[in-house]
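**Student:** There's a structure below that I have some questions on.
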Amino acid sequence: MAQEIPAVWVQGATCSGCVVSVLNGVSPDITHLLLQQLVPGKHVSLRFMPTVMAGTGEVAMRALDDASAESGYLLIVEGSVQVGADGAYCMTGEVDGHERSFASEVERLARKAMAVIALGTCASYGGIPAADPNPTGATSVGEFLADKKIAVPLINIPGCPPHPDRFTGVIASILMRGLPEADALDDIGRPKCFYPLIHENCERRPFFDAGKFAQKPGDDGCLYLVGCKGPVTYADCPIRKWNGGRNWPVENNSPCLGCTEPGFPDAMSPFYTKISDLDDLKLTF
Amino acid sequence: MTKIVLDPVSRIEGHLRIEVTVDDGVVKDARTAGTLFRGFEIILQGRDPRDASRMTQRVCGVCPIAHATASTLAVDDAYGVADAIPDNGRIIRNLILGSNYLQSHILHFYHLAAPDYVDVAAAAGYSGPDAGLTKVAGFIAGGELAPFLPRYEGDYRLTKEQNLAAVSHYVTALEMRRKAHEMLTIFGGRMPHEVAIMVGGVTCTPTDDKIAAFLGYLSDLRTFITDCYLPDVLMVAKAYSDYAEIGAGVSRLLTYGVFDQKPKTGPLGAQRFFTPGLIDTDLNKGAVDPAKITEAVKNSWFDDACAGSPVTSSTKPSPAKDGAYSWLKAPRYDGHPTEVGPLARVLSAYIDGKPEIKALVDATLSELGATPAALFSVLGRIAARAIEAKVIADAMVDWALALKPGEPCIVESAVPDEARGAGLSDAARGAVGHWLTVKDKKIANYQLVVPTTWNLGPRDDNDVPGPAEQALLGTKVKDLDNPFELGRIVRSFDPCLACSVHVVTPKGDEIARHIVT
């Protein structure tokens with residue numbers, strides 16, 4: 001029998017785009033992740049995941065409590081944690097007439113987790129719910145756990161949405177080799193292998209170097225003048241591409257929005273305005 | 001009297017709580033409430049109007065294209081280019097939105113709704129040639145049955161053979177919905193959260209290789225819809241025929257229409273593939289007047305001043321308000337609660353006499369021995385989704401073939417100092433409207449009225465319940481420990497909660513008390 005790796009996936013201030021993106025994985029795909037042994041001999045047992053689970057209401061909440069009765073599960077957090085109004089902006093569910101806030105559930109669940117995966121930019125860095133004026137006090141999972149003084153290994157997998165390969169790749173790596181060494185993550189908690197600088201790998205870099213710039217969205221050429229955030233954004237989109245390798249924003253004549261960065265969206269917008277003068281970029285390559 | 005609380009309602013998008021009171025086995029009171037608030041309408045203020053189509057997609061990761069579409073129609077309107085979108089741009093927008101419809105409908109039926117009707121456990125011990133069933137059987141043999149168990153038990157009615165077919169298709173449907181997103185990405189750049197649709201048209205360009213790739217995916221999807229999706233819906237409908245008699249709700253339907261077939265010239269398009277309409281149970285169809293759309297807030301945690309037309313309304317919380325129980329406003333058309341969604345579009349086209357819709361609806365009703373009145377039900381909503389999936393997928397072939405490589409896809413535009421714009425369209429799950437005010441070249445006000453607010457919103461100023469609440473009222477619940485009926489009714493609306501909650505500024509800790517009571 002395969003070794004069962006229990007996992008719990010909770011959703012806070014999210015649009016569910018992260019889980020939809022994970023459904024888009026090609027190899028591994030969602031059946032490899034859920035139905036089969038993602039790594040031979042090891043099966044991820046997803047005990048709680050509101051978007052796909054059969055159980056609803058108390059049946060679902062009982063499954064969550066059963067899964068978290070023992071420590072050592074993998075906790076996947078999608079969405080930012082809203083600490084405004086004592087956590088009342090987001091509820092996970094009701095048990096015995098008591099409604100549990102998402103913030104209180106993350107705090108409870110993280111204490112007994114083997115590791116926490118912050119999936120998507122909202123969970124990793126706050127994302128759109130934390131955008132100015134941050135009406136609900138949305139914060140990243142990392143900041144929330146630090147504030148609660150909960151020490152648990154944390155891996156950020158940002159992206160709005162995150163690429164499915166980044167998620168399944170991290171899970172598979174944990175199953176094969178255990179939690180990542182500290183030097184496998186960059187200084188903001190991302191696995192380095194999935195987050196190289198876009199500008200270094202962009203197929204339109206030769207246009208940038210030659211000064212051939214698109215003047216408006218929809219034009220060919222380097223998209224720097226129409227707002228591309230590739231020079232300051234770390235992600236493997238130009239190499240991995242999206243949806244089975246079909247396309248990615250720059251190939252579609254659309255500027256990179258910088259969605260894997262802590263500054264998304266405020267520091268990356270207006271999206272269609274250039275980030276800074278070339279001289280200010282201080283490019284080191 | 002028994003109170004049943006379903007919190008969370010799983011297998012939907014977002015955070016939903018439903019609370020019903022059952023007396024003598026019948027639902028006597030029903031309340032639906034969203035339980036997540038983020039604050040998009042506040043966050044959008046002061047931003048570049050073009051950024052709204054990127055930002056509002058993050059309202060919902062299941063139907064982002066509907067928001068990109070409505071937002072961009074509003075910005076097109078405000079920038080004065082709504083009637084100037086090049087044909088390539090208009091068609092590619094339709095192809096991107098159409099792809100998202102197909103993904104959304106397949107996901108809804110197989111992965112969100114079907115677990116209420118199909119018993120996955122039937123695959124236990126399977127040893128035949130079907131690859132999907134072999135995967136499921138191996139999974140069951142492993143003994144860890146999450147996330148498919150636990151669940152409600154006691155009302156799975158399909159035969160073993162029927163269950164096996166449906167479970168096999170559940171696995172195939174995972175691949176099909178993924179392919180629909182890959183198809184979308186050919187022109188959208190990425191999914192979820194595409195990057196092509198923007199004021200004036202689209203950023204991408206059509207080429208013959210892209211059109212061919214698109215048609216390849218579309219061919220696989222059309223085959224699946226015809227050979228699996230439609231027959232499976234009929235199979236479920238026959239085994240659960242009583243669900244054609246429950247869950248009707250308000251039986252008053254609204255669609256803004258969708259898929260512009262000509263450059264848009266008015267708020268509801270010059271000519272849409274599905275036409276706008278207001279439809280009743282006698283299949284009368286009336287014109288849609290956007291000026292009749294209002295939102296009530298008596299039972300919502302908003303200041304009374306937030307009621308009225310979305311053209312000018314605002315979003316101010318009133319968390320201590322007596323009697324309020326929802327963060328959703330209560331949209332009303334001409335003062336009445338109104339249901340939106342695929343059933344509205346399909347009946348609008350049926351009344352128009354659109355041949356491909358009429359043929360499929362009549363064939364479905366004939367197969368089930370039902371009249372059009374039966375469509376106002378749980379099964380009617382599910383069937384309408386499958387029917388329009390086939391009709392849209394077929395039409396997308398013609399749309400793709402109408403693309404002209406080398407011709408323009410976008411027109412130039414400039415931000416006005418001051419303007420207003422409205423973008424009315426239909427998401428997979430129903431009518432969606434974005435209203436925008438521009439001042440000093442920036443967003444001064446932004447309001448969304450979205451499908452799940454229409455369908456899952458609370459009581460209005462006259463305490464008339466919303467459409468989903470009315471659909472629950474009067475329902476017989478056979479087994480209070482396994483209230484299948486409630487989930488089936490609510491899921492037939494394909495709720496999308498992240499879309500529907502109007503978000504507010506925090507006013508302090510009092511909010512917590514009022515949400516949990």
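The values are calculated or read from the model by the stated rules, or taken from the named source; none is laboratory data. Since the structure is predicted, the reported quantities are computational estimates derived from the model, not experimental observations. Here the Cβ is made from the backbone with ideal geometry for all residues, glycine too, and neighbour counts use every protein chain on show.
**Student:** Do you know which residues across the stretch A:2-28 are at the interface with chain B (Cβ under 7 Å from one of its Cβ atoms) and either among the acidic types (D, E) or farther than 21 Å from B:I65 by Cα (or both)?
**Tutor:** Within the stretch A:2-28, A:A2, A:E4 qualify.
**Student:** Here's a follow-up. Out of B:G34, B:G46, which single residue is in contact with a helix residue (DSSP H, G or I) (Cβ under 6 Å, 6 or more places away or on another chain) and either more than 9 Å from every other protein chain (Cβ to nearest Cβ) or not acidic (D, E) (or both)? Reasoning before the result, please.
**Tutor:** Numbers: B:G46 fails: in contact with a helix residue (DSSP H, G or I) (Cβ under 6 Å, 6 or more places away or on another chain).
Among B:G34, B:G46, only B:G34 is in contact with a helix residue (DSSP H, G or I) (Cβ under 6 Å, 6 or more places away or on another chain) and either more than 9 Å from every other protein chain (Cβ to nearest Cβ) or not acidic (D, E) (or both).
**Student:** Among the residues of the stretch B:134-149, are any within 12 Å of another protein chain (Cβ to nearest Cβ), touching a residue at least 60 places away in the same chain (Cβ under 8 Å) and not β-branched (V, I, T)?
**Tutor:** So far as the stretch B:134-149 goes, no, none of its residues is within 12 Å of another protein chain (Cβ to nearest Cβ), touching a residue at least 60 places away in the same chain (Cβ under 8 Å) and not β-branched (V, I, T).
**Student:** Consider only pairs whose beta carbons are under 7 Å apart and that are at least six residues apart or on different chains; among these, list those whose first residue lies in the stretch A:102-120 and is over 25 Å from B:C60 (Cβ atoms) and whose second residue is surrounded by fewer than 24 Cβ atoms within 10 Å (Cβ to Cβ) and basic (K, R).
**Tutor:** Within 7 Å, the pairs are A:E107/A:K148.
**Student:** For the stretch B:273-330, which residues satisfy the criterion of being more than 30 Å from B:K262 (Cβ to Cβ), within 22 Å of the chain's Cα centre (by Cα), modelled with pLDDT of 80 or more and not small (G, A, S)?
**Tutor:** Selection gives B:T281, B:E295, B:L328, B:K329.
**Student:** Also: Which one is farthest from the other protein chains (Cβ to nearest Cβ) among residues in the stretch A:218-232 that are closer than 17 Å to B:V202 by Cα and touching a strand residue (DSSP E or B) at 6+ places or on another chain (Cβ under 6 Å)? Explain how you work it out, then say what you get.
**Tutor:** Filtering the stretch A:218-232 for residues closer than 17 Å to B:V202 by Cα gives A:218-221, A:223, A:226-228.
Next, from what is left, pick out any that are touching a strand residue (DSSP E or B) at 6+ places or on another chain (Cβ under 6 Å): A:218, A:221.
Values: A:G218: 4, A:G221: 13 Å.
Here the residue is A:G221.
**Student:** Take A:N243 and tell me if it is farther than 23 Å from A:P129 by Cβ, crowded, with 18+ Cβ neighbours inside 10 Å, touching a residue at least 60 places away in the same chain (Cβ under 8 Å) and within 12 Å of chain B (Cβ to nearest Cβ).
**Tutor:** The answer is yes for A:N243.
**Student:** Please work out which residue is farthest from the other protein chains (Cβ to nearest Cβ), limiting yourself to the stretch B:206-239 and to residues that are over 17 Å from B:L174 (Cα atoms) and buried (at least 21 other Cβ atoms within 10 Å of the Cβ).
**Tutor:** Our first condition is that a residue be over 17 Å from B:L174 (Cα atoms); within the stretch B:206-239, this holds for B:206-216, B:231, B:234-239.
Right, trim to buried (at least 21 other Cβ atoms within 10 Å of the Cβ) and you get B:206, B:214, B:236-237.
On the way: B:P206: 12, B:F214: 10, B:V236: 16, B:A237: 21 Å.
Looking at the filtered set, the residue picked out is B:A237.
**Student:** Right, B:A52: assigned to a helix (DSSP H, G or I), within 12 Å of chain A (Cβ to nearest Cβ) and either more than 18 Å from A:C18 (Cβ to Cβ) or among the basic types (K, R) (or both) or not?
**Tutor:** Yes; evaluated as a whole, the condition is true for this residue.
**Student:** Those residues that are modelled with pLDDT of 95 or more and not in a loop (DSSP other than H, G, I, E, B), I need them from the stretch B:437-450; list them, please.
**Tutor:** Correct list: B:T437, B:V438, B:K439, B:K442, B:I443, B:A444.
**Student:** Considering the stretch B:22-49 alone, what residues qualify as being part of a loop (DSSP other than H, G, I, E, B), touching a Phe, Trp or Tyr at 6+ places or on another chain (Cβ under 8 Å) and over 30 Å from B:D463 (Cα atoms)?
**Tutor:** Result: B:L44, B:Q45, B:D48.
**Student:** Sort through B:G188, B:G216 and tell me the only one that's closer than 19 Å to B:W399 by Cα, in contact with a strand residue (DSSP E or B) (Cβ under 8 Å, 6 or more places away or on another chain) and not charged (D, E, K, R).
**Tutor:** Answer to the check: B:G188.
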